[in-house]
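Comments concern the structure below.
The values are calculated or read from the model by the stated rules, or taken from the named source; none is laboratory data. What you see is a predicted model, and the numbers here were worked out from it, not measured in a lab. Cβ: placed from backbone, ideal geometry, glycine included. Neighbour counts: every protein chain shown. Protein only, heavy atoms only, side chains kept; ligands, DNA and RNA dropped before computing areas. Shrake-Rupley method; radii C 1.70, N 1.55, O 1.52, S 1.80 Å.
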Amino acid sequence: MGLESLIGGEGFLTTTVNGLVNWGRKNALWPMPFGTACCAIEMMATFSGRYDISRFGAEVVRFSPRQSDLLIVSGRISIKMMPVLQKIYRQMPEPKWVISMGACASCGGVFDTYTLVQGVDQFIPVDVYVPGCPPRPESLLDAVFEIQKLVGEDRFDSGKHGS
Amino acid sequence: MADNNPAYEALPADLKSKVIESVEHQGQVALRCRTADQRALLENFRLSQGYDFLVDVTAMDHLGKDTEERFEIIYVLRNLTANHTFRLHVWLDESDNAIPSVFDLWDSARWGERETHDMFGIVFDGNPDLRRFLMPEDYPAFPLLKDYPLKGKEERRQFPKVVARGDRMVEEEPDTYPTSIGRQMHTPEYIEEVRRDSKPRE
Amino acid sequence: MTQNPENSGRNTPVPSAATLEKELEKGWRDHRSGARPSSVSSVTEDDGDGRMVMNFGPQHPATHGTLRSVFTLEGESIVEADVEIGYLHTGFEKLGEHMTYQQWVTVSDRMNYLSAINNNVGYSVAVEELLGIEVPPRCAALRVIMCELSRIADHVLCVGLQGMDLGAFSVMLWSFEKRELVYDIIEAVCGARLTTSWTRVGGIIRDVPEFFPDLVYSFLDEFPPIIDEIHGMLLNNKIFVDRVKDIGKVSTEKALSYGLSGPVGRASGLTSDVRKDKPYLGYDKYDFKVPSQTEGDSFARYMQRMEEIEQSLEIIRQAMATLPQGEVVHDDFKTSLPEKDAVYNDMESLIHHFKLVMLGHGIRPDKGQSIYSATEAPCGELGFFLASDGSDTPYRLRVRPPSLYNYGLFPRLAEGGMISDAVAILSSFHVIAGELDR
Ligand code: SF4
């Protein structure tokens, strides 16, 4: 950031600005869907009509990592895909959050095989896990709420976007 | 010998003798032959008999089994006009695991053979595009071989880790990778070794 | 990128094992660290002769998942196309060799996740054919109804995505909304929306609920107008029609030689449909047509899907009218799981269940038996090759994925066209990555 290094301390101004920024951030999450398999279909269902994630301000789906702050990893990640996922994660600007959706992304799920990475959290940091195979759209919405909570608690000086 | 398989019946006599076995199960016929005769038989089926639809190409690994050869290549052929489907199984030697490609007869063989190559390491002589297919280019093994374990040899753990250090995300190589990444090769010694310690399946 | 014929066979001198190993070690390390440029870069580069290599995917909205194409461009036209797949390789076939025949049903619906029921049914039919058992008539009819329902859902989604890729976003939102009608039925029948695991070898998991006919009949009333709505939205849309007409033409010979099947093949003049050619589950009892087109372009593939939806509705109508009563599980409990209720309340069923579920017992086809069995999935001919060695796990389980063979033609079609045409062709092929890579 830079602002807080000028002001310093925990004054009235920093906390209020902090609150304002977080309020804005958490109600305008821009997800980057990294959908590979079945879970991606449920993710798309969450984005569309019946479940409508836009009610919670997260409908600006950007397929470009440089404009997003929430990475939703949904689906199986194979060893061929893992370098791609890491590259995309590195391209996202700070601060960024990650949802690992579904059993496969979180731990490999039913596929304990030679080609599947057994949990993406071994190689990139994950903030919220969504259980299920596939998780229902409601669970993904719940995970977005959790992320919003995390965003709300974030701090300039010590949190994810402190720099 | 199956008497009711039109594809076998229509073969000329010299090719008929090349078919070493014919099994029928649930009305579906599987003919067997050796590598040397594969091309002649398939040419006959395609060009003279009109089996114009190659449904699938795949292989089977009989490691440690009491079979004639280690590999078996399987072609599923269909004649759409006559609506008849059957399989041709070809025995393939493990020490010289190369077999003529049939991509000039059916274009669908291009990818079918490429996948079989990727999964079993079998070389299809003449196929113009035998790169790795489903696995990463430098993957050190052929996963569908029977001596390759289901969970792999720790290849799936060998990635750098992105961690938060200070205020930035950095990549960290883990201290140690498992040292041996299980390179598999079809050398006679290697196969001998595997034979020795693999128990035949019940 | 260039294909090197000399690379393939034994004609080139083979490098020694040690060099090979060293090179592989290095390549594998480069892959892991993402350092190999060709592997993941998405930059466009000009290599001096006015041609540009453009990477398309594996993470791109128009690739529907994880397909990657590399196009060599001259201006905006594609002179050379190459595709790379395998980004979703999961090891289904290897897993099949380590699971019992009943267990693999659960895995099968993760393969083509848009129409999981068709996978379940296809696999169960294959094992039943291997064992030579026949399911009771009620079970067969229910399977047919559910298969056709998910075929409709699959086709509607495909049409919606085709619209989305060409700029008609609202069609996609509508089709997702209408898919929910099918999901409601699927959820009522088996409790899950996507990953159904609904069939068992020799039957289905349980009989359908009492209100099932009401659900299906109300679906049959509600759905047909939607076909007209989608037609109205897309056929009156000049941009859509202009972008798909005469794009990606496939001749009948090409389709045959590349092994195309399903709607993609039938849009090019093939008339084969496994449901007619080799009827399973009593498909021969129903009176339906196999539509086919002659143009073979993207527009024909769109029309083909819409016509198939109508035929599927027809099949569901007939199957509902003649839905027999009775058992839904084959009554030889040496091969088929007894119903859950019976397992909890009846000693003998419990024993059967135990024997079937424990590893090392279960279904054991005779040694050396093998079968190739095909069913018609929404994407095309879904085949299973099963070989048994007399144990309770398949010795070899091969899936013949329709998407793989359909997709094999895509690079040849994209060559010579524009980049925007490639998107139009790809979306009309409807390739499911999960099934393509397995
Ligand atoms: S968790 Fe289940 S639904 Fe999600 S990708 Fe894995 S198998 Fe598919």
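Remark on the stretch C:156-308: Rg and Dmax equal 17.7, 50 Å (Cα only). Once the Cα atoms of helix C:116-131 and of chain C are each reduced to a long axis, what angle between those two axes, in degrees from 0 to 90 to the nearest 10, is obtained? For C:116-131 against chain C, the angle is about 60 degrees.
Look at the dipole of the stretch C:221-326 built from charges on Cβ: of C:Leu313, C:Ser272, C:Ser251, the Cα furthest out on the positive end belongs to C:Ser251. Listed by chain and number, the lysines whose C-alpha is less than 23 Å from the C-alpha of A:Lys87, apart from same-chain residues fewer than 8 away, are A:Lys96, A:Lys160, B:Lys161, C:Lys26.
Of all beta bridges DSSP finds with both residues in chain A, what is the antiparallel percent, to the nearest 5? It would help to have the intermediate numbers written out before the result.
Working: 1 of 14 bridges.
Given both bridge residues lie in chain A, the antiparallel proportion sits at roughly 5 percent.
Simple point charges give the picture: +1 on the Cβ of Lys and Arg, -1 on the Cβ of Asp and Glu, and for chain A a dipole about the Cα centre of about 500 debye. Solvent-free Debye calculation, one equal scatterer per alpha-carbon of the stretch A:4-153: log10 I(q)/I(0) at 0.09, 0.11 Å⁻¹ equals -0.30, -0.43. Using alpha carbons only, the radius of gyration of the stretch A:38-122 set against its Kirkwood radius gives Rg/Rh = 0.99.
Take each residue in C:172-180, count the other chain C-beta atoms within 10 Å of its C-beta, and the mean is 4. Shown for the stretch C:121-163: no residue is covered by the partner protein chains by 50 Å² or more of accessible area relative to the chain by itself (probe radius 1.4 Å).
Counting charges near C:Glu187 (Lys, Arg +1; Asp, Glu -1) among other residues having Cβ under 11 Å from its Cβ returns a value of 0.
Stick to the Cα atoms of the stretch C:358-438, pair each with every other, and give me the Kirkwood hydrodynamic radius in Å at one decimal.
After inverting the pairwise mean of 1/r, the radius is 15.0 Å.
Give me the dipole magnitude in Debye, nearest 20, for the stretch B:6-125 about the Cα centre, with unit charges on the beta carbon: positive for Lys and Arg, negative for Asp and Glu.
Working: 12 positive and 22 negative charges, 71 e Å.
In total the dipole reaches around 340 debye.
Each Lys or Arg adds one and each Asp or Glu takes one away; over the other residues whose Cβ falls under 10 Å from the Cβ of B:Asp52, this sums to +1. Ordered by 1.4 Å accessible area with all protein chains kept, C:Leu281, C:Leu436 run largest first as C:Leu281, C:Leu436. Please compute the Kirkwood hydrodynamic radius of the stretch C:207-250 from all pairs of different C-alpha atoms, in Å with one decimal. So the Kirkwood estimate lands at 13.3 Å. Using the average count of surrounding beta-carbon atoms within 10 Å as a protection proxy, the listed peptides A:104-117, A:122-135 rank, highest first, as A:104-117, A:122-135. Inter-chain neighbour count for C:250-258: the average number of beta-carbon atoms from partner chains within 10 Å of each residue's beta-carbon is 3.
Return the Rg/Rh ratio of chain C with Cα-based radii and a Kirkwood Rh. Intermediate values should be presented prior to the final figure.
Working: Rg = 23.5 Å, Rh = 23.5 Å.
That ratio is 1.00, to two decimals.
For the stretch C:47-191, the ratio of Cα radius of gyration to the globular rule of thumb 2.2 N^0.38 Å stands at 1.38. Estimated purely from DSSP H runs of n ≥ 4, each contributing -39500 (n - 2.57), the mean residue ellipticity at 222 nm for chain A is -11500 deg cm²/dmol once divided by its residues.
Loop only per DSSP, at most 14 neighbouring Cβ atoms within 10 Å: give me the GluC sites (Glu not before Pro) in the stretch C:169-258, ordered by residue number.
Details: sites: C:Glu177, C:Glu180, C:Glu187, C:Glu210, C:Glu222, C:Glu229, C:Glu253; in loops: C:Glu210.
Here the sparse-neighbourhood loop sites are C:Glu210.
Shielding of peptide B:52-64 by partners, expressed as the average count of other chain Cβ atoms within 10 Å per residue Cβ, is 5. Here the Karplus relation 6.51 cos²θ - 1.76 cosθ + 1.60, evaluated at θ = phi - 60°, turns the backbone of the stretch C:138-155 into coupling constants of 5, 4, 4, 5, 5, 4, 4, 4, 5, 4, 5, 4, 6, 5, 4, 4, 5, 5 Hz, with x for every Gly and Pro. Kirkwood-type hydrodynamic radius, the stretch C:300-433: 19.3 Å, calculated from all non-identical alpha-carbon pairs. Buried surface between chains B and C: roughly 5700 Å² of accessible area, summed over both sides, computed with a 1.4 Å probe on protein heavy atoms only.
Here the stretch C:201-228 and the stretch C:106-178 have alpha carbon centers that stand 13 Å from each other.
Please give the length that would be gained between B:Glu69 and B:Ile20 if that part of the chain were fully extended, namely 0.36 nm times their separation in residues minus their C-alpha to C-alpha distance (nm, one decimal).
Values: separation 49, 0.36 × 49 = 17.64 nm, distance 1.36 nm.
Gain on stretching B:Glu69 to B:Ile20: 16.3 nm.
Angle of helix C:419-429 to the longest C-alpha principal axis of chain C, folded into 0 to 90 degrees and rounded to 10: 20°. For the pair the stretch B:52-115 and the stretch A:69-92, the centres of their Cα atoms are 37 angstrom apart. Cross-link check: pairs A:Lys149/C:Lys178; C:Lys334/C:Lys367; A:Lys80/B:Lys153; C:Lys178/C:Lys249; C:Lys178/C:Lys276; A:Lys80/C:Lys245 evaluated at a Cα-Cα cut-off of 24 Å; pairs beyond the cut-off: A:Lys149/C:Lys178; C:Lys178/C:Lys249; C:Lys178/C:Lys276; A:Lys80/C:Lys245.
Once the Cα gyration tensor of the stretch B:6-125 is diagonalised, what are the square roots of 5 times its eigenvalues, in whole Å and ordered largest first, as equivalent ellipsoid semi-axes? Kindly include the intermediate steps, with their values, before the conclusion.
Numbers: eigenvalues 94, 56, 35 Å².
Calculated on Cα positions only, the semi-axes equal 22, 17, 13 Å.
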